[in-house]
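Step one of this worksheet: look at the structure below.
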Amino acid sequence: PLDDVRVRHALNFAIDRQSIIDGLLGGITQPASQGATPAAEGYNPALEPIPYDPDRARTLLKDAGYAEGFAFTIEAVIGASGWDRAMYQQVAQNLQEIGVDMAVVPVTFAHLFGHFERGEWHGQGFAMVYSSEPVIDAIRPLRNNSCLRPVPWYCDTVLSTMIKQALMEQDVTRRIALKQEALSRFRDEAPAIFLWPEPRFAGMAPGITGYNDVHGFIS
């Protein structure tokens, strides 16, 4: 089922991101619009957040031949944060509401990264962060989800060509435009359930001075 782009869009429309953000994250971020965060070079501000539309999701599933739904399994690290177990449960509940059964198999970080490098997946999906670090560039997560990986899990040859063009472009304005076009295609192809830009926090003891956190790096 996941080979059909209509099914992949249906899974995205089925998720009530704002309710999860409000309930688990204190409302401190917003629903995702693409596979990159606003800080990354190439982020496409023209893309709107993915809406919660379960009726549209059911229609897409029916059009794709899955009116009765289907089942699939993902691998995910549980316990990496205080809210991830509840988040996966909520995503699974939203999917159940359109007839899709998502089973979550807990794995370790070592297991996940081993599969990340070797492609030895046991399910039909997995959980990951679309990290643009350390360069804060939208191309990094796109490359990780493309034919350009040694063992790709998703391969769109058109997207791969767009990524290569963006990497070779020396003009800054044109390079950013190419990255934005690539992110737009990536969103249209929906190879993942995009959730939200992940917020991060830093805490300091009284008396700390000179602290400067830029994109996760402490000066």
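The values are calculated or read from the model by the stated rules, or taken from the named source; none is laboratory data. Not measured: the values here are computed from a predicted model. Glycine also receives a Cβ, built like all others from the backbone with ideal geometry; neighbour counts cover every protein chain displayed. Side chains included, ligands, DNA and RNA excluded: accessible areas come from the protein's heavy atoms. Shrake-Rupley method; radii C 1.70, N 1.55, O 1.52, S 1.80 Å.
For this structure, a couple of remarks:
- Only residues that are assigned to a loop (DSSP other than H, G, I, E, B) and surrounded by 10 or more Cβ atoms within 10 Å (Cβ to Cβ) were counted in region 187-201, giving 10.
- Test for VAL91: is it farther than 26 Å from LEU148 by Cα and open to solvent by less than 30 Å² (accessible area, probe 1.4 Å): yes
- Filter pass, SER184 being open to solvent by less than 50 Å² (accessible area, probe 1.4 Å), part of a helix (DSSP H, G or I) and closer than 20 Å to ARG17 by Cβ: yes
- Out of THR173, THR161, one residue alone is at pLDDT 95 or above, exposed (fewer than 15 other Cβ atoms within 10 Å of the Cβ) and either aromatic (Phe, Trp, Tyr) or closer than 27 Å to VAL7 by Cα (or both). It is THR161.
- Looking across region 120-176, the residues that are of a type in the set (Lys, Arg), in contact with a helix residue (DSSP H, G or I) (Cβ under 8 Å, 6 or more places away or on another chain) and either assigned to a helix (DSSP H, G or I) or under 13 Å from GLY35 (Cα atoms) (or both) come down to ARG143, ARG175.
- Boolean, PRO51 is open to solvent by less than 50 Å² (accessible area, probe 1.4 Å), in a loop (DSSP other than H, G, I, E, B), modelled with pLDDT of 95 or more and of a type outside the set (Phe, Trp, Tyr): no
- Single condition LYS179 does not satisfy, out of (1) open to solvent by 30 Å² or more (accessible area, probe 1.4 Å); (2) part of a helix (DSSP H, G or I); (3) of a type in the set (D, E, K, R): (1)
- When region 94-106 is filtered for residues that are touching a residue at least 12 places away in the same chain (Cβ under 8 Å) and either among the hydrophobic types (A, V, I, L, M, F, W, C) or surrounded by fewer than 21 Cβ atoms within 10 Å (Cβ to Cβ) (or both), the ones remaining, listed by number, are LEU95, GLU97, ILE98, GLY99, VAL100, ASP101, MET102, ALA103, VAL104, VAL105, PRO106.
- In the set ARG149, ARG200, ARG174, only one residue is of a type in the set (Lys, Arg) and touching a residue at least 12 places away in the same chain (Cβ under 8 Å); that residue is ARG200.
- Lone unmet requirement of (1) outside any helix (DSSP H, G or I); (2) open to solvent by 30 Å² or more (accessible area, probe 1.4 Å); (3) within 28 Å of ILE15 (Cα to Cα); (4) not charged (D, E, K, R) for GLY210: (3)
- Within region 6-48, being in contact (Cβ under 8 Å) with a residue 60 or more places away in the chain, under 22 Å from TYR88 (Cα atoms), part of a loop (DSSP other than H, G, I, E, B) and open to solvent by less than 70 Å² (accessible area, probe 1.4 Å) holds for ALA14, ILE15, ASP16, LEU25, THR29, PRO31, ALA32, SER33, GLN34, GLY35, ALA36, THR37.
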